[in-house]
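Here's the structure, in structure tokens; my notes come after.
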Amino acid sequence: MADLPRFATAPSHVRALDFEHVLALVDYRAGRVQCLLPAAAAFWHQAAATGRLDTMPSALGARLLTAGLLTPTPAPAPWSPPVKARAAAASWGSAEHPAGTTRPDSTLTLAASAALAAVLAIKRAGSSRTALLRITSALRTAASTARRPATLHQANAAVLAVRRAGWHSPARTACLEESAAAVLLLATRRLAVTWCHGVAPDPVRLHAWVQTEDGTPAAEPPSTLAYTPALTIGARHQHRQL
């Protein structure tokens with residue numbers, strides 16, 4: 001195996017969340033997630049504080065470099081420590097959720113269909129490996145046009161309208177597509193919400209949702225509070241740019 005570079009840093013599109021029992025690394029450019037167990041996570045913490053890669057086991061360092069989660073640098077370039085993520089009670093991979101469906105109001109369905117179609121077109125406009133990057137770029141553009149915060153009622157109505165439109169969509173329509181379309185739909189009315197993408201443990205899983213300026217999730221179950229945001233778009237406290 002070739003010698004590792006002496007120094008490295010984490011690119012801005014990689015976010016790390018520390019759940020104590022596992023460290024989740026989210027690559028928002030490639031749309032991938034890598035998890036490190038505590039022993040490997042300790043080396044990530046050490047490297048983040050020092051910018052040095054030569055203290056890391058070569059196999060681990062090579063894997064992180066190959067995956068694009070670290071990039072070589074000519075000098076030490078320490079990066080931000082992982083976000084301390086919300087712990088979760090052990091569920092052994094199961095949780096209780098309310099069953100059944102509720103039909104949303106049909107007022108915004110036509111505009112919601114157009115917003116959802118736009119998101120699906122953005123996803124298919126290039127390589128699947130960069131689909132998430134294209135979507136987040138579109139969300140940043142949409143967020144820049146908003147002029148006033150959406151109320152919880154307006155945000156709920158937008159999310160539910162997109163979900164209704166999704167019932168008639170032949171393409172995959174899950175939380176990523178729904179939340180992104182809700183942002184675009186509200187942006188057509190110059191209304192702002194915060195788009196959130198987060199991670200929860202036990203098992204490690206991802207979720208995307210929108211919330212109002214005061215942090216209230218729109219049309220989401222209480223279980224959404226188990227997710228720690230790794231990336232937010234559209235809020236004043238927006239994380240660093242990708």
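List of remarks:
- Conditions (1) in contact with a strand residue (DSSP E or B) (Cβ under 9 Å, 6 or more places away or on another chain); (2) crowded, with 24+ Cβ neighbours inside 10 Å; (3) assigned to a helix (DSSP H, G or I): number failed by VAL162: (1)
- Test: residue in region 39-49 that is surrounded by 15 or more Cβ atoms within 10 Å (Cβ to Cβ), of a type outside the set (Phe, Trp, Tyr) and not in a helix (DSSP H, G or I): no
- Within region 165-192, tally of residues that are within 16 Å of GLY234 (Cα to Cα), surrounded by 22 or more Cβ atoms within 10 Å (Cβ to Cβ) and among the aliphatic types (A, V, I, L, M): 9
- Selection of first residues in region 1-28 that are over 16 Å from ALA77 (Cα atoms) and of second residues that are of a type in the set (D, E, K, R) and surrounded by fewer than 19 Cβ atoms within 10 Å (Cβ to Cβ), restricted to Cβ pairs under 7 Å at least 6 apart or on distinct chains, gives the following pairs, ordered by first then second residue: ASP18/LYS84.
- Residues within region 193-224 that are surrounded by 16 or more Cβ atoms within 10 Å (Cβ to Cβ) and assigned to a helix (DSSP H, G or I), tallied: 1
- Under the condition of being closer than 28 Å to ARG86 by Cβ and touching an Asp or Glu at 6+ places or on another chain (Cβ under 9 Å), the residues counted in region 1-21 number 6.
- Among residues of region 138-161 that are more than 13 Å from THR188 (Cβ to Cβ), those with a beta-carbon under 7 Å from a residue that is in a helix (DSSP H, G or I) and of a type in the set (Gly, Ala, Ser) at least six positions away or on a different chain give the pairs LEU139/ALA180; VAL159/ALA182.
- Among the residues listed as SER137, SER169, the single one being assigned to a helix (DSSP H, G or I), of a type in the set (Ser, Thr, Tyr) and either at pLDDT below 95 or within 19 Å of ARG15 (Cβ to Cβ) (or both): SER137
- Extreme residue, nearest to the chain's Cα centre (by Cα), among residues of region 67-89 that are under 23 Å from LEU206 (Cα atoms) and outside any loop (DSSP other than H, G, I, E, B): VAL83
- Residue in region 3-38 that is surrounded by the most Cβ atoms within 10 Å (Cβ to Cβ), counting only those that are within 23 Å of SER127 (Cβ to Cβ) and of a type in the set (Ser, Thr, Tyr): TYR28
- Among the conditions (1) at pLDDT 95 or above; (2) in contact with a helix residue (DSSP H, G or I) (Cβ under 9 Å, 6 or more places away or on another chain), the only one that GLN46 does not satisfy is (2).
The values are calculated or read from the model by the stated rules, or taken from the named source; none is laboratory data. Since the model is a prediction, treat every value here as computed from it, not as a measurement. With ideal geometry, Cβ positions are generated from the backbone for all residues, glycine too; neighbour counts draw on all protein chains shown.
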